[in-house]
Amino acid sequence: MCKFSFFSLFFGLVLVAAPNAAAEDYEYRTIRDPRSLTAEQSRVAEANYQRYCSLCHGADRQGYVNDHAPSLRSKSLFRSGVPHEVLRPIQYGRDGTPMGGYLDEVGGPLTLDETWDLTYWLFWQADTDRVRITKDLVKGDAARGADLYAENCTDCHGAGGEGVNAPALGNPSALSHNSDEFIRYAIREGRDGTPMEPWKDRLSSADIDNLTAFLRSRASGWEQSRVVLRDVPTPDQYVINAEGADPEFDLQDGLYVSAADLLAALEDKKRMVLLDTRVTSVWQRVHIEGAIPMPYYSDFDAIVGDLPKDVQIVAYCSCPRAAADDVVRRLRRRGFTRTATMYEGIFGWMNMGYPVINGRSE
């Protein structure tokens, strides 16, 4: 069983209490609910959830459909996470994870108001109250916390916080966005409806502080840079190596091409179209050279006229395959027969040391 998961940790409740108090001494102060939504705002927010979020988090917010994306039903998440601890990952994503930023200013499809409305819509679906969280620093022994992490957390999240069968904990954007108190309570109380267990009866308050201090220390030395958005390729740029020969892939299950075979075709200057099916904000940060952003939520009826049917199309994502598979299936339903999914996904591609184009930043 997963000891605690990424969103469990960073989307947890937080306490209003002094460090090192006994578990029973903590009290939660209920605060007023966030603003309500109009019927139209709710309708749009729900539609945006289904279009952009359900692929990984599930149509009913149940979670763990793809990418270890957590449940968005948890009451404890929304008691403390609304608005900012839920809003920020929606807007800016999590660097180094499949969670891209959905705010338009970083290349996503949603306006500022739409990200706020989606945050509040998720809160109201959870049907819970909120508690006050503080920005107070948690004082603990990070060295002792490192031992606790090694003893209790590595099976799911990896020795380096990289994530094994649960998302990464040592994520710089999460650590920069979330308060110490927010992290601490997630460890204490766990996450209802998920494999995240409460640790308040298994660890002392001091050790929970120590573990919090260790996780906070993982942010040291990491700097967030501002991405300078690239121009999205136009249809006349979709085909790479336009004068080259067509690749001849031996597709696994009639669908999958290996990263090694795709690399060989690129090195041989074969004619192809590469589709990056992630949210455009993560294409901005890193992609395979020549790939065009065509997110899984695109209106394919509106864009298929720009794609050639006589050229091999290869789609990839970071799931490692869910979004790309969805795109390929939809293209095939529209008569595109020369289509394939890269099996390993872009993280597998990068882990093999294959080349990518990094986003411009300043």
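The values are calculated or read from the model by the stated rules, or taken from the named source; none is laboratory data. Keep in mind the model is a prediction, meaning the values are calculated, not measured. For neighbour counting, all protein chains shown are included, and Cβ atoms are generated from backbone atoms with ideal geometry for every residue, glycine included. Note: accessible area is taken over every heavy atom of the protein model, side chains too, but ligands, DNA and RNA are not part of it. Shrake-Rupley method; radii C 1.70, N 1.55, O 1.52, S 1.80 Å.
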query = From the set of residues in region 42-52 that are closer than 21 Å to CYS317 by Cα and in contact (Cβ under 8 Å) with a residue 40 or more places away in the chain, which is surrounded by the most Cβ atoms within 10 Å (Cβ to Cβ)?
reply = TYR52
note = Picked from region 324-335 (must be over 21 Å from ALA260 (Cβ atoms) and crowded, with 20+ Cβ neighbours inside 10 Å), the residue farthest from the chain's Cα centre (by Cα) is LEU331
query = If you go through region 75-133 one residue at a time, how many are open to solvent by 30 Å² or more (accessible area, probe 1.4 Å) and assigned to a loop (DSSP other than H, G, I, E, B)?
reply = 10
message = Condition check: outside any loop (DSSP other than H, G, I, E, B), surrounded by 20 or more Cβ atoms within 10 Å (Cβ to Cβ), within 22 Å of the chain's Cα centre (by Cα) and modelled with pLDDT of 95 or more. Does LEU262 satisfy that?
response = no
key: Residues located in region 246-290, provided they are more than 17 Å from ALA340 (Cα to Cα) and of a type outside the set (Lys, Arg)   = GLU267, ASP268, VAL279, THR280, SER281, VAL282, TRP283, GLN284, VAL286, HIS287, GLU289
task = Pull up region 307-323, narrow it to residues that are out of contact with any strand residue (DSSP E or B) (no Cβ under 9 Å at 6 or more places or on another chain) and modelled with pLDDT of 95 or more, then point me to the one that is surrounded by the most Cβ atoms within 10 Å (Cβ to Cβ).
result = LYS309
remark   = (1) surrounded by fewer than 23 Cβ atoms within 10 Å (Cβ to Cβ); (2) within 25 Å of ASP231 (Cβ to Cβ); (3) among the aliphatic types (A, V, I, L, M) all hold for MET342 apart from (1)
Pair list, Cβ under 7 Å, 6 or more apart: region 258-272 residue closer than 11 Å to TYR354 by Cβ, other residue open to solvent by 50 Å² or more (accessible area, probe 1.4 Å) and part of a helix (DSSP H, G or I) = none
